[in-house]
Amino acid sequence: MIAFWVLAPVMVVAAVAMVMARKAVHCALLLAVIMISLAVLYAVQNAPFLFAVQIIVYTGAVLMLFLFVLMLVGVDSSDSLVETLRGQRVAAVVLGLLFGLLVVVALSQATLGTVVGLSAASEQADGNVKGIAALLFSTYVFAFEVTSALLITAALGAMVLAHRERLTPKPTQREMVAQRMRDYATSGVHPGALPNPGSFARHNSVDTPALLPDGTPSELSISRVMRARGTVRDVSRDRLTERGIETETRQIEEGER
Amino acid sequence: MSATPFLILSALLFGVGAVGVLVRRNAIVVFMCVELMLNAANLAFVTFSRQHGNFDGQIAAFFVMVVAAAEVVVGLAIIMTIFRTRRSASVDDASLLKY
Amino acid sequence: MSLLYLIVGIPAISAAVLLLGGRLTDRWGHLLGALAPLASFVAGLVAFAQLAGGDDEALTQRLFTWIDVAGFHVDIGLLFDPLSAVFVLLITGVGSLIHIYSIGYMEHDERRRRFFGYLNLFVAAMLTLVLADDYLALFLGWEGVGLASYLLIGFWQYKVSAAVAAKKAFVVNRVGDLGMALAIMLMFATFGSTSFEGVAGGMGQASAATATALGLLLLLAACGKSAQVPLQSWLLDAMEGPTPVSALIHAATMVTAGVYLVTRSNFIYDQTETAQTAVVVVGLVTLLWGAVIGCAKDDIKKVLAGSTMSQIGYMMLAAGIGPAGYAFAIFHLLTHGFFKANLFLGAGSVMHGMNDEVDMRRYGALRSVMPVTFVTFALGYLAIIGFPGLAGFWSKDKIIEAAFGENVLIGVGAVAGAGITAFYMTRLMLMTFISQRRWAKEAHPHESPLVMTVPLIVLGALSVVGGALLLNGWIVDWLEPVVGREEHQDLPISATLITVSVLVVVLAGVAAAVVMYGRDKVATRAPSRVSPFTKAARADLYGDAFNEAALMRPGQYLTRSLVYADNRGVDGAVNGLAAVVGGTSGRVRRWQSGFVRSYALSMLGGSALLLLAVVAVKLA
């Protein structure tokens with residue numbers, strides 16, 4: 001009872017935040033909050049087996065898969081929240097509200113009767129897990145077997161979809177060098193390695209851009225993801241310091257010290 | 001405790017998930033919203049299981065989880081494939097299937 | 001145990017061997033082909049002796065059950081009764097002679113083996129026709145001879161005219177077959193059986209209308225097969241086939257199948273005056289029609305074809321008279337089989353010697369170079385015009401007598417036909433063998449080899465003595481079990497007077513021909529300034545023109561208008577519907593934006609609507 005009234009607002013707020021969150025990673029984390037809360041609600045409702053499954057399968061496996069794919073696709077691919085389809089957002093909100101309202105009205109009109117509770121059933125079946133198992137392997141055994149086929153099909157399908165056939169032989173190092181030189185000749189792409197972060201800067205951590213000879217930061221030395229996140233260290237002050245060093249150096253060279 | 005608050009919570013989560021599906025354009029986020037809707041339905045199942053005093057609702061919720069897991073695997077694989085060819089995870093970009 | 005099945009079986013097996021054996025049988029195929037009908041003839045003779053010697057009315061043999069479904073049972077059985085017997089002997093006897101003749105006639109044709117295969121096929125089918133004891137089995141043979149006729153008319157299919165003639169014969173015969181098929185269906189519907197026995201047994205209770213319908217339908221079938229007006233047009237064109245084919249199929253045997261059908265169905269015609277009258281009228285019209293055509297043709301085979309039509313007209317006339325005429329119809333059929341085969345083979349012999357020239361205006365004075373052909377041909381000539389004592393005299397005289405017994409007008413028509421016959425046959429004789437020579441430069445006429453002249457001699461002899469079948473009224477007695485007889489026929493004038501008048505008319509016909517063609521020189525080209533009658537006769541009395549104007553053109557208009565209606569009406573409606581659907585779809589598909597989220601939105605809208613409906617219903 002207390003658990004519900006505590007968790008329900010949390011879950012609703014988290015859900016709304018998830019829909020409005022700008023970054024996909026935040027969405028995933030908010031979803032995890034909802035799912036764990038749900039697991040607790042399952043436990044509250046005499047469903048310890050589902051509680052475990054919810055945590056292990058959903059929060060553990062499915063959400064991790066989401067995060068994994070998010071990392072593969074790129075964290076910076078968060079979409080702008082500007083709507084492109086005309087009227088889509090308004091219509092969606094209106095329809096969603098209407099839908100929710102209708103369900104609530106329907107529920108408030110329905111007479112559910114007294115709650116039977118699962119304690120009797122659990123006692124009779126010698127526990128929740130055994131009760132579910134007894135049903136699963138008798139009444140629902142055919143459906144259960146079919147789900148196994150479904151899982152295998154899904155696994156195979158994912159493999160087939162993710163698999164990329166190599167159509168050309170893998171380029172050798174020599175060919176890669178040749179290609180790099182050709183690119184340089186035709187479009188002027190720099191053939192060498194990208195500058196490391198932190199070069200000529202005060203710090204050599206990954207968020208510190210390298211400084212070019214004229215003292216400006218090199219965009220190329222910072223990861224695309226960090227640029228997208230806006231966590232690049234500001235090095236404008238370092239240039240001042242640099243000038244100070246330069247002055248000192250010149251003074252030393254000129255023999256003023 | 002009465003089942004109605006649980007069911008209303010379930011309806012709210014479902015509605016928010018539906019709106020999320022409609023307004024978000026990042027395919028992965030859309031997917032998360034779909035998962036939210038499935039979970040809302042699961043909550044209703046579990047609640048009704050308690051309401052009726054048998055385990056059939058929990059079994060149904062279990063099957064929904066299995067199907068959702070399979071769906072996520074395939075769906076994410078498809079998103080990966082689309083992203084690999086078009087460098088985009090926006091559902092609006094994949095709009096070639098039209099007149 | 002009867003050996004009847006051998007009569008049909010031998011030529012059938014021979015045909016199968018020759019047609020399936022291919023080139024392997026090329027060297028000896030013609031010998032097998034000629035032996036088969038000969039063996040069949042011997043088997044027929046044995047059966048004939050058995051029938052004549054025994055007390056049975058008929059020999060029968062049940063072979064197997066063909067169709068056995070609820071309420072419909074057809075056995076394939078053979079029926080060798082007096083009527084079938086004479087047909088079997090005519091078909092196999094004359095057939096054998098013509099097969100032997102063909103060995104010589106077709107010697108230089110590289111497809112001789114195939115020719116013999118077709119001929120044997122024809123013989124087998126014809127024997128099936130006459131030996132069947134059931135109308136359905138008879139129909140089988142009927143179609144078989146139609147097929148063989150088609151194949152043999154078009155044997156030289158590289159000639160366009162032959163291919164067209166074969167197709168024409170086939171199509172015209174289909175019209176007749178329609179009558180046959182309808183008659184068989186009517187029999188089944190009325191009597192529940194199609195066997196001769198069943199139909200004859202059921203005729204007693206049948207209504208007059210049924211009998212008349214059956215009689216007219218069978219007459220239609222007979223008209224098609226026997227080239228009777230109005231289905232006569234194919235026979236003249238059928239002369240495109242090799243001459244032995246013309247002799248066997250289109251003179252001696254197949255074209256007489258119609259007469260056989262009418263005679264065989266005597267139990268039907270005896271019940272219906274109307275159909276009998278129709279048969280008589282068809283016979284009379286055809287006998288004059290064919291004779292008139294024969295007067296104007298210059299192609300020797302077409303003259304003989306016209307003559308065949310005319311003579312079969314006599315037979316139909318006799319068959320239509322009823323029990324008084326059936327026996328004489330068959331009698332004339334036999335004698336005609338002898339002398340007309342003789343004449344056709346003689347014509348073939350002349351053509352053989354004249355480089356396949358058929359125009360009589362290029363013949364003349366052939367009697368000295370082809371003595372055997374001339375003598376045998378002359379015997380056939382005398383027989384057909386009814387020279388006293390020869391075969392044709394007896395048979396034709398009896399028919400004319402019976403015609404007078406029926407109606408004076410019909411008798412007069414038959415006498416007139418005899419006169420015209422005398423005229424055109426004398427004309428043919430004079431133009432071919434007498435008068436002056438008008439040969440083409442490269443022609444070197446010569447007598448035909450022995451293998452061809454021997455059959456001519458045999459048939460010539462039969463033309464002379466064929467009348468002996470009437471000795472002591474034998475043929476009438478013999479056929480009595482099948483067709484019955486009618487002893488007393490009241491003649492309006494005495495029989496002797498009839499015979500004398502016929503002879504006078506014939507003599508007048510001969511004299512007219514001698515005056516016109518015997519004295520003066522015959523032009524090598526047909527004169528173009530001729531009387532309208534000659535023009536009409538040359539055009540086959542406008543039979544083809546009528547068919548074209550009355551049937552073909554309207555048919556073409558009908559199909560054309562139907563095609564138009566189909567294209568514009570039916571197709572238009574269907575295509576219009578498709579266009580409407582297509583246009584609507586073209587507009588509706590604009591809703592498909594490709595944006596998944598729009599689709600999902602409408603889905604949610606739909607669900608909300610559904611839920612709204614449910615809630616509204618529950619609350620109301």
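A few remarks follow.
- Number of positions in the stretch A:98-126 that are more than 7 Å from every other protein chain (Cβ to nearest Cβ) and either surrounded by 13 or more Cβ atoms within 10 Å (Cβ to Cβ) or in a helix (DSSP H, G or I) (or both): 7
- Looking only at residues of the stretch C:379-396 that are in a helix (DSSP H, G or I) and open to solvent by 20 Å² or more (accessible area, probe 1.4 Å), we find that the one that is nearest to C:Asp490 (Cα to Cα) is C:Trp394.
- Condition met for C:Ala183 (more than 22 Å from C:Ser149 (Cα to Cα), open to solvent by 30 Å² or more (accessible area, probe 1.4 Å) and at pLDDT 90 or above): no
- For the stretch A:1-46, a residue qualifies if it is open to solvent by 50 Å² or more (accessible area, probe 1.4 Å) and either charged (D, E, K, R) or farther than 27 Å from B:Asn26 by Cβ (or both), and the qualifying residues are A:Met1, A:Ile2, A:Trp5, A:Val6, A:Arg22, A:Lys23, A:Val40, A:Val44, A:Asn46.
- None of C:Ala468, C:Ala418 is open to solvent by less than 30 Å² (accessible area, probe 1.4 Å) and among the hydrophobic types (A, V, I, L, M, F, W, C) except C:Ala418.
- Selection count, the stretch C:476-500, where residues are under 32 Å from the mean Cα position of the chain (by Cα) and over 30 Å from C:Ile268 (Cα atoms): 2
- Answer from B:Ile82, B:Ile8, B:Ile28 - the residue that is more than 28 Å from A:Phe144 (Cα to Cα) and open to solvent by less than 10 Å² (accessible area, probe 1.4 Å): B:Ile28
- Qualifying residue in the stretch A:131-139 (condition: open to solvent by 60 Å² or more (accessible area, probe 1.4 Å), touching a Phe, Trp or Tyr at 6+ places or on another chain (Cβ under 8 Å), in a loop (DSSP other than H, G, I, E, B) and more than 7 Å from every other protein chain (Cβ to nearest Cβ)): yes
- Scope the stretch A:169-226; condition acidic (Asp, Glu), within 32 Å of the chain's Cα centre (by Cα) and open to solvent by 100 Å² or more (accessible area, probe 1.4 Å); matching residues: A:Glu219
- Condition check for C:Trp478: open to solvent by 50 Å² or more (accessible area, probe 1.4 Å), among the hydrophobic types (A, V, I, L, M, F, W, C), in a helix (DSSP H, G or I) and within 30 Å of C:Ala327 (Cβ to Cβ): no
- For C:Gly95, the stated conditions hold: it is open to solvent by less than 30 Å² (accessible area, probe 1.4 Å), assigned to a helix (DSSP H, G or I) and under 18 Å from C:Phe338 (Cβ atoms).
- Among the residues of the stretch C:573-620, those identified as modelled with pLDDT of 90 or more, open to solvent by 90 Å² or more (accessible area, probe 1.4 Å) and closer than 24 Å to B:Leu96 by Cβ are C:Arg587, C:Met603.
- For the stretch C:437-446, the criterion of being on the phi < 0 side of the Ramachandran plot, touching a Leu at 6+ places or on another chain (Cβ under 8 Å) and surrounded by 23 or more Cβ atoms within 10 Å (Cβ to Cβ) is satisfied by no residue at all.
- Among the residues of this structure, C:Gln228 counts as one that is within 26 Å of C:Glu548 (Cα to Cα), touching a helix residue (DSSP H, G or I) at 6+ places or on another chain (Cβ under 9 Å) and not hydroxyl-bearing (Ser, Thr, Tyr).
- Restricting the stretch C:313-368 to residues that are out of contact with any Ser or Thr (no Cβ under 8 Å at 6 or more places or on another chain) and among the hydroxyl-bearing types (Ser, Thr, Tyr) leaves a set whose member that is surrounded by the fewest Cβ atoms within 10 Å (Cβ to Cβ) is C:Ser368.
- Set C:Ser602, C:Ser598, C:Ser585, C:Ser561: member being touching a Leu at 6+ places or on another chain (Cβ under 7 Å), part of a helix (DSSP H, G or I) and of a type in the set (Gly, Ala, Ser): C:Ser598
- Residue within the stretch A:74-84 that is in a helix (DSSP H, G or I), surrounded by fewer than 17 Cβ atoms within 10 Å (Cβ to Cβ) and facing chain B (nearest Cβ under 7 Å) present: no
The values are calculated or read from the model by the stated rules, or taken from the named source; none is laboratory data. Note that the structure is a prediction, hence the values are computed from the model and not measured. Note that each Cβ is placed from the backbone with ideal geometry, even for glycine, and that neighbours are counted across all protein chains shown. Calculation scope for accessible area: heavy atoms of the full protein, side chains included, ligands and nucleic acids excluded. Shrake-Rupley method; radii C 1.70, N 1.55, O 1.52, S 1.80 Å.
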